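The values are calculated or read from the model by the stated rules, or taken from the named source; none is laboratory data. Fair warning: this is a prediction, and the values are worked out from it, not measured in the lab. Cβ sites come from the backbone with ideal geometry, for glycine too, and all protein chains shown count toward neighbours. The accessibility values were calculated without ligands, DNA or RNA, using every heavy atom of the protein model including side chains. Shrake-Rupley method; radii C 1.70, N 1.55, O 1.52, S 1.80 Å.
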Amino acid sequence: MKQGIDVNGLGRSRVFVTRVVLTIGLPIAVSGLARGLFVPLYQSNDDIGMMMLARGVGIVSKPTPYLLYIHIGLGRLLVALYSHWPDWEWYRVLMDIVQLLGTATLVWLSLRSPWSGSRLAVLVLYLIVFDLSFYIRPNFTVTSILVVCAAVVFWVRAASERRELRTWGCLWFLLLLNVSSWIRFQGALAVVVVAAPLVLLELVRPTAPTGSRWAWRAGLAGLWFLGFLSMLAGKLYHDHVYRTTRGWADYEEFNRLRAEITDYHRVGYNPQSASSFARAGWTNLDYEVLENWFFEDPEAYNIERLRRLLDCFPPVPVTVAGNLFAEFLNAASSQPQLMAMLLAVAAAGLLSIDRQRTYIAVGITIFSVFGLGAFLLLWLRRWPPIIYEPLLAVPVVIALAGITHGSADSGSALKRFLAGLLFAAAILAVMRAMTELHRQGRQLERQSHGLEHTMEQLEAAPHRIYVIVGAQWPFELFVRPESFKQLQGLDLIGTGALSQTPINQDRLGGFGITNLMQALAHRPDLRLVGNRNSCGLIASQIATRTGLPIHAQEESHVRFGEYDKFEPMPGRYVTRPREIFVYRMSTVTGPAIRRNAETEKRTGR
């Protein structure tokens with residue numbers, strides 16, 4: 001007698017297989033689309049710098065796990081991977097894998113219930129507007145925020161369904177939370193702060209009078225508490241390693257104070273502020289050299305002097321918050337990427353209406369995101385795009401996880417029409433953004449080839465050591481593995497954030513340099529890489545410190561392209577050149593300088 005076939009079991013099996021395939025396939029498809037059609041447009045030089053540190057090329061003598069921002073544990077992992085398989089771009093691979101895990105988690109959760117048009121629309125918005133966009137414009141802080149978003153949604157989904165997370169679910173939540181905090185603790189903390197009101201709401205929401213309701217709440221609350229403790233423990237261990245490692249104890253404080261001046265522009269030299277600089281014992285030259293990222297002089301740039309200068313200036317006025325908000329609005333109306341993100345938030349919020357309690361969760365999250373933005377504006381007087389752009393993904397993923405009830409779309413025809421209109425506007429905006437990003441990528445790729453050719457020319461000059469001043473060296477052009485390989489034959493010294501750390505001390509020691517200021521004045525094998533203004537300032541600083549008549553003479557100038565930088569206040573892209581100037585320090589005041597001046601006059605430079 002033949003055994004009957006379990007039709008329901010076969011159906012469930014097919015559904016499970018389909019869910020697994022989509023969970024794996026959709027994130028990989030988005031990542032492949034970004035890597036196949038676009039060039040990575042890094043939002044800052046931090047990622048490129050950490051790649052060089054872990055690989056041991058460029059501005060370092062050997063691989064180091066001290067990556068400044070990323071957790072020391074991940075730094076050690078990257079160093080080990082590069083040492084065993086040096087041909088792989090492990091930093092990029094790690095960031096892509098982490099983002100893939102976060103996206104896969106969101107897709108898996110969104111497939112728990114029957115499909116609906118609303119959920120499909122929100123999933124498409126997240127994958128294209130946020131996930132794809134940030135693969136193209138990568139940044140380690142952004143990666144951290146996207147991953148912790150997945151962890152939050154994973155917890156909120158369990159809480160809203162009144163079910164306990166099993167052992168594997170708890171471990172997955174803790175893994176996402178801690179990986180995010182190891183990549184950038186501040187990014188993970190920002191999402192935890194944004195999600196806190198929603199978490200509290202889920203914990204206090206009334207439930208049916210069952211005997212296990214308090215145990216259920218205690219379990220979910222305890223999981224959050226354990227997750228936060230593990231994040232904090234990881235941060236404390238990271239800080240402990242830096243504090244107890246020789247040469248790194250004061251780095252974080254020095255870098256924080258330095259950023260107030262060079263990044264956030266708390267102070268500026270002008271006739272009105274000259275007296276404040278004088279009270280702090282600073283000159284205009286000291287300030288200008290600092291602004292050009294030359295921190296190699298510990299007598300001029302140390303924690304005490306930086307703090308003394310900042311103490312002589314009042315807090316940033318609250319009117320700056322208004323200016324920054326106006327800048328945000330200008331960017332929103334002029335920059336299609338940001339406009340697409342705001343439209344996606346509006347569309348997700350509208351689609352969540354009439355979905356039981358989802359609209360409440362989305363509304364609270366939107367309020368928390370913009371509340372955090374207002375707090376940063378009013379208290380810190382800053383609003384960094386690298387933070388607030390990925391934070392806009394939080395209400396979208398909350399809506400994605402919450403729209404789960406049935407396949408029919410509820411709500412009035414007007415709601416569906418408006419939601420469709422917002423969805424179409426967001427897609428059109430992101431298509432405009434992708435067109436612009438593709439153009440910029442092709443432009444940047446051509447310039448990357450130009451940079452590689454320039455490095456070949458610099459490397460061809462024997463016994464040359466190049467000291468980077470200011471932001472002249474375009475590290476963001478290192479989008480090809482060949483660029484990093486070529487750095488292995490080029491001797492570079494960075495004078496930026498790594499100055500006065502063991503990394504730069506080892507680098508200088510390898511070249512037999514104990515005092516870079518003195519070496520620039522006397523050693524003929526050193527060259528400055530910077531523009532005329534920055535190299536002239538360094539020459540003046542060296543002359544002040546050494547008492548020698550130092551001059552910066554232009555030796556070569558290579559221009560290998562232009563790039564478009566978006567300026568929020570004008571609300572448009574501004575074309576700027578990509579070029580490398582090489583200068584030689586000299587005490588000669590005779591014909592050499594006059595010939596250089598005549599050359600500049602003839603060429604019009």
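Among the residues here, L257 qualifies as touching a helix residue (DSSP H, G or I) at 6+ places or on another chain (Cβ under 6 Å), within 30 Å of L324 (Cα to Cα) and open to solvent by less than 40 Å² (accessible area, probe 1.4 Å). Scanning segment 296-323 for residues that are within 23 Å of I468 (Cα to Cα) and aromatic (F, W, Y) gives a single hit, Y301.
Scanning segment 103-149 for residues that are in a loop (DSSP other than H, G, I, E, B) and among the small types (G, A, S), we see that the one that is surrounded by the most Cβ atoms within 10 Å (Cβ to Cβ) is S116.
Six or more apart or on different chains, Cβ atoms under 7 Å: show the pairs whose first residue is in segment 506-530 and on the phi < 0 side of the Ramachandran plot and among the small types (G, A, S) and whose second is modelled with pLDDT of 90 or more and in a loop (DSSP other than H, G, I, E, B). Matching pairs, first to second residue: A519/I513.
Consider A233 carefully, then state whether it is open to solvent by less than 40 Å² (accessible area, probe 1.4 Å), without any contact (Cβ under 8 Å) to a residue 40 or more places away in the chain and assigned to a helix (DSSP H, G or I). Considered against the rule, which asks whether it is open to solvent by less than 40 Å² (accessible area, probe 1.4 Å), without any contact (Cβ under 8 Å) to a residue 40 or more places away in the chain and assigned to a helix (DSSP H, G or I), A233 comes out as no. Name the residue, out of L198, L165, that is buried (at least 21 other Cβ atoms within 10 Å of the Cβ) and closer than 20 Å to G227 by Cα. Exactly one residue qualifies, and that residue is L198. Flag: L33 does not match the condition of being out of contact with any strand residue (DSSP E or B) (no Cβ under 9 Å at 6 or more places or on another chain), open to solvent by less than 40 Å² (accessible area, probe 1.4 Å) and assigned to a helix (DSSP H, G or I).
To keep it simple, each residue is scored yes or no on (1) out of contact with any Leu (no Cβ under 9 Å at 6 or more places or on another chain); (2) among the hydrophobic types (A, V, I, L, M, F, W, C).
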| position | (1), (2) |
| --- | --- |
| G363 | yes, no |
| R381 | no, no |
| L414 | yes, yes |
| G420 | yes, no |
| F423 | no, yes |
| L437 | no, yes |
| G441 | no, no |
| L444 | no, yes |
| Q457 | yes, no |
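Of the residues examined, Y242 is one that is under 26 Å from the mean Cα position of the chain (by Cα), under 26 Å from G187 (Cβ atoms), in a helix (DSSP H, G or I) and among the aromatic types (F, W, Y). Annotation note: of A188, A249, the sole residue that is open to solvent by less than 80 Å² (accessible area, probe 1.4 Å), of a type outside the set (D, E) and modelled with pLDDT under 90 is A249. Here the condition is being open to solvent by 40 Å² or more (accessible area, probe 1.4 Å), among the aromatic types (F, W, Y) and touching a residue at least 24 places away in the same chain (Cβ under 8 Å); of W282, W293, it holds for W293 alone. The residue that is nearest to A233 (Cα to Cα), among those in segment 67-102 that are assigned to a loop (DSSP other than H, G, I, E, B) and either open to solvent by less than 40 Å² (accessible area, probe 1.4 Å) or of a type in the set (V, I, T) (or both), is H71. Just one of the listed residues (V60, V93) is out of contact with any Phe, Trp or Tyr (no Cβ under 9 Å at 6 or more places or on another chain), in contact (Cβ under 8 Å) with a residue 24 or more places away in the chain and not charged (D, E, K, R), namely V60. Out of L380, L422, L392, one residue alone is within 20 Å of T103 (Cα to Cα) and either at pLDDT below 80 or within 30 Å of the chain's Cα centre (by Cα) (or both). It is L392. Taking segment 300-331 as the range and being touching a residue at least 60 places away in the same chain (Cβ under 8 Å) and of a type in the set (D, E) as the test, only E327 passes. Screening segment 449-533 for helices (runs of 4 or more DSSP H) wholly inside it with 3 or more residues that are out of contact with any Asp or Glu (no Cβ under 7 Å at 6 or more places or on another chain) and either open to solvent by 10 Å² or more (accessible area, probe 1.4 Å) or closer than 29 Å to T587 by Cα (or both) returns the ranges 502-510, 516-522.
The residues of segment 424-444 that are touching a residue at least 60 places away in the same chain (Cβ under 8 Å) and open to solvent by 60 Å² or more (accessible area, probe 1.4 Å), listed by number, are R432, H438, R442.
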